[in-house]
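Novice: My questions will all concern the structure given below.
The values are calculated or read from the model by the stated rules, or taken from the named source; none is laboratory data. In this text, all values refer to a predicted model and were calculated from it rather than measured experimentally. Note that each Cβ is placed from the backbone with ideal geometry, even for glycine, and that neighbours are counted across all protein chains shown. Remember, those area values only see protein heavy atoms, side chains included, never the ligands or the DNA or RNA. Shrake-Rupley method; radii C 1.70, N 1.55, O 1.52, S 1.80 Å.
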Amino acid sequence: MGVALGALVTACNTDQKPQATGTATTSAASTDSLATAGTAEIVYINSDSLLSKYEYFKDARTRFQSKTEKAEKDLQSKAAAFEKEVQNYQRTGGNMTVEQRASTEQKLAQRQQQLQQQSQTTGNQLATEEAEEMKKIYDRVEAYLQKLSQEKGYKMVLTYSRGQSAILYGDNSLDITEEVLTGLNSEYDTEKTAAKSTEAAPKKK
């Protein structure tokens, strides 16, 4: 699941108060402005690190790879069986009647078509599941960033990926990748622990 999260983290925290317009003066400075003067309103996340270190993504990728490998082995097994049928026909076809050859060739053609259809169907299903899994990751990260932005006062969270970003430079003090990863992984660990406890709990008769 190497899909890039290029647009994963965009503007967050729509509940922030709008900034006043007009010429700023010393007398117009409010207590809230002074309180948040040292808070960065625009921060960024390294999406490469987010993908490589977010435990939920790694688990999802492992599940998807396992499912993909299983599907590929199934198709390969059926393709190998079909190849043996073709080779068997090539060896014995000369001893068949015209009708037998026609019937066998028709069956082989149908089998080949079925394999092609199964391959296409499986590919489409895997692509759909991958897209759905990425949407879950998007939703989880977005929900956490909205909560974090409300707590920290961020107005916008940008995403940075080396070589594929509009951010050519960003001060390290604005990089909240590790903070976000810590929070996301903590939430996911809590979910897994709760799920294990539920599974381990004795069922009521």
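Novice: Working out 0.36 nm times the residue gap between Ser165 and Glu132, then minus their Cα-Cα distance, what length gain in nm do you get to one decimal?
Specialist: 9.4 nm
Novice: Could you work out what % of the accessible surface of the stretch 42-186 is carbon and sulfur, using a 1.4 angstrom probe and leaving DNA, RNA and ligands out of the count?
Specialist: After summing per-atom areas, the C and S share lands at 48 percent.
Novice: Need one word for the stretch 96-205: rounded, prolate or oblate. Basis is the Cα gyration tensor (sqrt eigenvalues a ≥ b ≥ c); a/c below 1.5 gives rounded, then a/b vs b/c decides.
Specialist: Cα axes put the stretch 96-205 in the oblate bin.
Novice: Still on this structure, I have one more. Using Cα positions and a limit of under 19 Å, work out the aspartates and glutamates in reach of Lys152, with same-chain residues fewer than 8 apart set aside.
Specialist: Counting by Cα, and skipping residues close in sequence, Lys152 has these aspartates and glutamates nearby: Asp15, Asp32, Glu41, Glu142, Asp171, Asp175, Glu178, Glu179, Glu187.
Novice: Pull up all non-local amide H partners of Leu158: gap of 5 or more, or a different chain, and H-to-H distance under 5 Å with H placed in the peptide plane.
Specialist: Sorted by chain and number, the residues that satisfy this are Val43, Tyr44, Ile45.
Novice: By the scheme Lys and Arg +1, Asp and Glu -1, what is the net charge of all other residues having a beta-carbon under 12 Å from that of Thr182?
Specialist: -4
Novice: Quick one: of Lys78/Lys136; Lys73/Lys196; Lys70/Lys136; Lys58/Lys196, which pairs are farther than 25 Å apart, Cα to Cα?
Specialist: Beyond 25 Å between Cα atoms: Lys78/Lys136; Lys73/Lys196.
Novice: What dipole magnitude, in Debye to the nearest 20, does the stretch 42-186 give about its Cα centre under +1 on Lys/Arg Cβ and -1 on Asp/Glu Cβ?
Specialist: 460
Novice: Would you work out which of Thr92, Ser173, Gly183 lies farthest towards the positive end of the dipole of the stretch 42-186? Charges go on Cβ: Lys and Arg +1, Asp and Glu -1.
Specialist: Going by the charge dipole, the pick is Thr92.
Novice: With a 1.4 Å probe and all protein chains left in place, how much accessible area per residue does the stretch 69-180 have, in Å²?
Specialist: Accessible surface, normalised per residue, equals 70 Å².
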